[in-house]
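What follows is a structure written as structure tokens; I'll ask about it next.
Rule-based calculations on the coordinates, nothing more; no lab input. Owing to the predicted nature of the structure, the values given are computational and were not obtained by experimental measurement. Cβ sites come from the backbone with ideal geometry, for glycine too, and all protein chains shown count toward neighbours.
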Amino acid sequence: MRTAAGGRAGAPAAATPALFVADLHKSFGQLEVLRGIDLLVAQHEVVCLIGASGSGKSTLLRCVNLLEPIDAGRIYLAGEEITAPGVDVNRIRRRIGIVFQAFNLFPHMSVLANVTLAPRKVLRLAPAEAADRALALLERFGLADKRAEFPDRLSGGQQQRVAIVRALAMEPELLLLDEVTSALDPELVAEVLAVIRELARGGMTMLIATHEMGFARDIANRVCFLDAGRILEEGPPEQIFRAPRAERTQRFLQRVMEAGRL
Amino acid sequence: MTFGGGPLGDPGDLLRLQDPRGPRLVRDRDALRSTAVALVSTVVVFVALGLLVVNAPGWTAVQRSFLNGAVFAKSLPAIVGSFWVNVQLFLVAEVLILVLGLALAILRSLPGPVFFPMRLMATIYTDIFRALPGVLVIYILGFGMPGLGIEAIPKEPFFWAVVSLTLIYSAYVSEVYRAGIESIHPSQEAAARSLGLSRVQSLRYVIVPQAIRRVIPPLLNDFIGLQKDTVLVSYVGVVEIFRQSYIKQAANFNFTPYIATALVFLVVTIPLARLTDVLVQRDRRRAAASSR
């Protein structure tokens with residue numbers, strides 16, 4: 001396994017990795033989706049997962065968030081094994097944020113209620129304090145004027161930004177982004193990517209599954225290429241995108257380039 | 001819209017000249033014509049039916065025993081007064097049904113082997129109370145429970161009427177709720193759980209509020225049924241509208257009180273049925289709009 005001391009200048013090399021995944025296996029019935037994933041994400045590091053649809057990127061993220069039970073392997077969050085029996089999954093999940101491809105906002109709640117629900121009910125913040133913190137976050141991402149709107153009145157890009165703010169309101173140690181721009185119209189992608197760039201600048205530790213290769217190249221400290229449930233190749237973006245070693249990586253990037261996505 | 005006319009005297013041209021929205025005017029005229037046709041055919045059908053009834057051999061006898069104006073006027077105040085009992089039954093039972101039905105639906109929605117006994121009990125409950133005719137439940141509880149002679153058990157028929165209606169209707173209503181809960185996409189629960197909400201919290205704040213919104217029209221349908229079924233409790237001696245109309249019928253040797261009772265139900269129930277239809281339509285439009 002490669003060392004993952006963050007490449008970003010100024011980020012202190014932390015002793016304990018934010019996330020450590022060891023030999024993770026996951027099957028859905030007969031189909032083995034993850035076949036031994038080893039992955040290390042350092043504090044303040046941004047790791048992008050690339051690979052074809054069905055290569056296991058989304059499943060990996062859902063396993064890390066304990067939304068899917070795993071079959072074998074171990075996952076450590078800041079040194080604590082979260083796959084150990086008897087671990088309180090609710091306590092773990094509040095430390096990990098996840099943003100989904102389809103936003104999954106709560107349609108019966110206003111933007112502000114979406115963002116404050118978990119801080120109020122899980123962290124037990126007073127409503128006024130939860131609202132203050134939510135408004136500060138909404139302000140930061142240019143959504144303060146949408147606080148009273150319901151999700152169906154927002155564009156896809158706005159909904160996804162609200163979903164990111166909702167995850168951030170729990171002040172997670174690790175943010176998982178699951179193809180967050182794949183459901184967006186092309187002209188709305190940029191505003192969401194800008195939010196993620198801003199988070200990276202702020203030192204947020206992120207594990208990002210994405211089809212946006214240009215974005216991955218810009219933002220990632222490290223890129224992992226997933227193929228058939230394994231990490232086939234990983235390295236700094238310059239190396240993965242300019243000089244991929246594995247033949248499958250080369251072919252994947254070739255196809256992406258032909259599609260004009262790089 | 002095309003008209004077969006020549007260059008002159010085409011009525012369509014004339015309309016278009018007079019009004020820039022010419023074709024619209026023609027559409028309005030067509031709509032007017034179909035309304036008129038509907039009106040005429042409705043009148044014809046109803047007049048024919050009316051004539052059929054009025055010319056039936058027993059019409060005069062029926063008219064005398066069912067449509068007696070004097071009996072109607074005399075019995076109506078007491079009948080409307082007794083309807084208040086039905087309203088009370090309905091209101092108390094409805095609140096209890098909404099609560100018990102939701103509790104049953106949530107019990108049946110709990111996943112995992114730990115909750116199997118709860119799911120089993122809730123399933124047996126809904127099976128039993130949907131299988132039994134309501135009148136039987138009312139008879140058995142209304143006469144049986146006070147008959148036990150236990151001091152702590154209330155003996156008032158009204159109490160057992162409310163209990164019976166609640167037990168019966170909760171079984172139906174829990175199925176409506178459950179359908180609503182199951183119609184909420186699993187990604188909503190995933191989103192809630194990913195934020196650290198427990199299973200119960202995600203049900204309470206995310207799943208159930210959305211489910212309830214979705215099932216309001218079918219719930220109203222069940223409440224129309226409940227409103228009518230309040231007359232069943234007359235069997236255990238509650239003097240409500242149906243029992244009152246029976247009393248008036250016996251006192252006058254005339255069936256007109258039943259017609260008065262029927263009118264009371266029509267006046268109360270039809271608006272509720274209309275409201276339900278409006279809500280169903282609105283939901284359908286909304287679903288169509290959100291699945292663009």
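If you fit an axis through the alpha-carbon atoms of helix A:247-258 and take the longest principal axis of the Cα set of chain A, what angle between them do you get, 0 to 90°, nearest 10?
50
All other residues with a Cβ under 12 Å from the Cβ of B:Ile207 taken together, and with Lys, Arg as +1 and Asp, Glu as -1, what is their net charge?
So the environment of B:Ile207 carries a net charge of +4.
What does the C-alpha gyration tensor say about the overall shape of segment A:210-262? Classify as rounded when a/c is under 1.5, otherwise prolate if a/b is larger than b/c, or oblate.
It comes out rounded by the Cα gyration axes.
Could I ask something else about it? May I ask which residue of A:Ala169, A:Ala72, A:His108 lies farthest towards the positive end of the charge dipole of chain A, with charges of +1 (Lys, Arg) and -1 (Asp, Glu) on Cβ and the Cα centre as origin?
A:Ala169
OK, next. Can you find, among B:Val114, B:Val163, B:Phe90, the residue sitting farthest towards the positive end of the charge dipole of chain B, where Lys and Arg contribute +1 and Asp and Glu -1 at Cβ?
So the residue furthest toward the plus end is B:Val114.
Expressed as a whole number of Å, what is the distance separating the alpha-carbon centroids of segment B:146-204 and segment A:66-108?
31
With a ≥ b ≥ c taken as the square roots of the eigenvalues of the C-alpha gyration tensor of segment B:35-98, please select rounded if a/c is under 1.5 and otherwise prolate if a/b is larger than b/c or oblate if it is not?
Taking the square roots of the gyration eigenvalues as a ≥ b ≥ c, segment B:35-98 is oblate.
Pop the C-beta distance of A:Glu149 and B:Leu52 into the FRET formula with R0 = 35 Å and round what comes out to the nearest 0.05.
0.05
I want to check the label-to-label distance for A:Glu171 and B:Ala273. Put each point 7 Å from Cα in the C-beta direction and report it in nm to one decimal.
Between A:Glu171 and B:Ala273, the simple spin-label model gives 5.9 nm.
Quick check: pseudo-label points 7 Å beyond the Cα along Cα→Cβ at B:Val37 and A:Ala246, how many nm apart are they?
Computed distance between label sites B:Val37 and A:Ala246 equals 7.0 nm.
According to the Cα gyration tensor, what semi-axes, each the square root of 5 times an eigenvalue, does the equivalent ellipsoid of segment A:25-155 have, listed from largest to smallest in whole Å?
32, 18, 14
Helix-only estimate, please: 222 nm mean residue ellipticity of the protein assembly as shown, summing -39500 (n - 2.57) across DSSP H runs of length 4 or more and dividing by its residues, to the nearest 500.
After summing the helix terms and dividing by the residues of the protein assembly as shown, the value is -19000 deg cm²/dmol.
Taking amide H positions as placed in the peptide plane 1.01 Å from N, state which residues far from A:Asp227 in sequence (5 or more) or on other chains have amide H under 5 Å from it.
Under 5 Å from the amide H of A:Asp227 lie the amide H atoms of A:Leu232, each far enough along the sequence or on another chain.
Which value, in Å³ per residue, describes the convex hull spanned by the Cα atoms of chain B?
Each residue corresponds to 250 Å³ of Cα convex hull volume.
On to the next question. What are the ³J(HN,Hα) couplings of segment B:132-144, residue after residue, when phi is run through the Karplus curve with 6.51, -1.76, 1.60 and θ = phi - 60°? Round to Hz, x for glycine and proline.
7, x, x, 4, 5, 4, 5, 4, 5, 6, x, 9, x
How large is log10 of I(q)/I(0) for chain A at q = 0.12, 0.15, 0.17 Å⁻¹ when the intensity is taken from the Debye formula with one equal scatterer per alpha-carbon?
-0.72, -1.13, -1.41
For A:Lys146, go through the lysines and keep the ones whose alpha-carbon is under 24 Å away, minus same-chain ones fewer than eight residues off.
A:Lys121
Under 1.5 on a/c is rounded, so check that first for segment B:75-135, then, if it is not, pick prolate when a/b is larger than b/c and oblate when it is not; a ≥ b ≥ c are the square roots of the alpha carbon gyration tensor eigenvalues.
prolate
Here's a follow-up. Simple spin-label model, 7 Å along Cα-to-Cβ: B:Arg24 to B:Tyr246 in nm?
Placing both labels 7 Å along Cα→Cβ, they lie 6.1 nm apart.
Here's another thing I want to ask about it. Taking the Cα atoms of segment B:197-292, what is the range of coordinates along each of the three principal axes, in descending order and whole Å?
Taking max minus min along each principal axis of the Cα atoms, segment B:197-292 gives 64, 32, 11 Å.
Towards the positive end of the charge dipole of chain A, with charges on Cβ (+1 Lys, Arg; -1 Asp, Glu), say which of A:Ile92, A:Gln158, A:Phe28 has the farthest Cα.
A:Ile92
Going by average Cβ neighbours within 10 Å, how do the peptides B:30-38, A:87-95 rank, with the highest at the top?
So the peptides B:30-38, A:87-95, ranked by packing, come out A:87-95, B:30-38.
Let me spell out the model: positive unit charges on the Cβ of Lys and Arg, negative unit charges on the Cβ of Asp and Glu, origin at the Cα centre of chain B. What dipole size does that give, in debye rounded to 20?
That gives chain B a dipole magnitude of about 540 debye.
Return, ordered by residue number, the residues of segment A:191-234 whose backbone nitrogen is under 16 Å from a label point located 7 Å along Cα→Cβ of A:Arg35.
Flagged as within label range: A:225-233.
For chain B, what's the relative contact order in percent, using C-alpha pairs closer than 8 Å and at least 6 residues apart?
So the answer I get is 25 percent.
Under 5 Å between amide H atoms, partner at least 5 residues away or on a different chain: which partners does A:Arg222 have, H built in plane at 1.01 Å?
It is A:Val46, A:Cys48, by chain and number.
When all C-alpha to C-alpha distances in segment A:106-158 are sorted into bins of 5 Å, what percent of pairs does each bin hold, rounded to whole numbers?
Reading upward from the zero bin: 5, 23, 29, 25, 13, 4, 0.
To the nearest 20 debye, what charge dipole does segment A:22-129 have about its Cα centre, counting +1 at the Cβ of each Lys and Arg and -1 at the Cβ of each Asp and Glu?
With Lys and Arg at +1 and Asp and Glu at -1, about 420 debye.
Please give every one of the lysines within straight-line cross-link reach of B:Lys228, meaning a C-alpha to C-alpha distance under 25 Å, and leave out same-chain neighbours fewer than 8 residues apart.
List returned: B:Lys74, B:Lys155, B:Lys248.
Rule-of-thumb check for segment A:89-205: C-alpha Rg over 2.2 N^0.38 Å?
0.98
How much space per residue, in cubic angstrom, does the convex hull of the C-alpha atoms of the protein assembly as shown take up?
Here the figure is 289 Å³ per residue.
Let me know the charge dipole size of chain A about its Cα centre in debye, to the nearest 20, where only the beta-carbon of Lys, Arg (+1) and Asp, Glu (-1) is charged.
180
Which ³J(HN,Hα) values, rounded to whole Hz and listed in residue order, are derived for segment A:169-177 from phi using the Karplus coefficients 6.51, -1.76 and 1.60 in 6.51 cos²θ - 1.76 cosθ + 1.60 with θ = phi - 60°, glycine and proline given as x?
Rounded to whole hertz, the list is 4, 8, 6, x, 7, 9, 10, 9, 10.
Ok, one more. Antiparallel versus total DSSP beta bridges in chain A: what percent is that, nearest 5?
In chain A, approximately 55 percent of DSSP beta bridges are antiparallel ones.
Of the beta bridges DSSP finds with both residues in the protein assembly as shown, what % are antiparallel, to the nearest 5?
Of the beta bridges lying entirely in the protein assembly as shown, close to 55 percent run antiparallel.
Here is a further query. Given 10 Å bins starting at zero, what is the percent of C-alpha pairs of segment A:127-262 in each, up to the one with the largest pair distance?
With a bin width of 10 Å, the distribution comes to 11, 38, 30, 15, 6, 0.
Which order, highest average first, do B:67-78, B:208-219 follow once you tally other Cβ atoms within 10 Å for each residue and take the mean per peptide?
The peptides rank, most packed first, as B:208-219, B:67-78.
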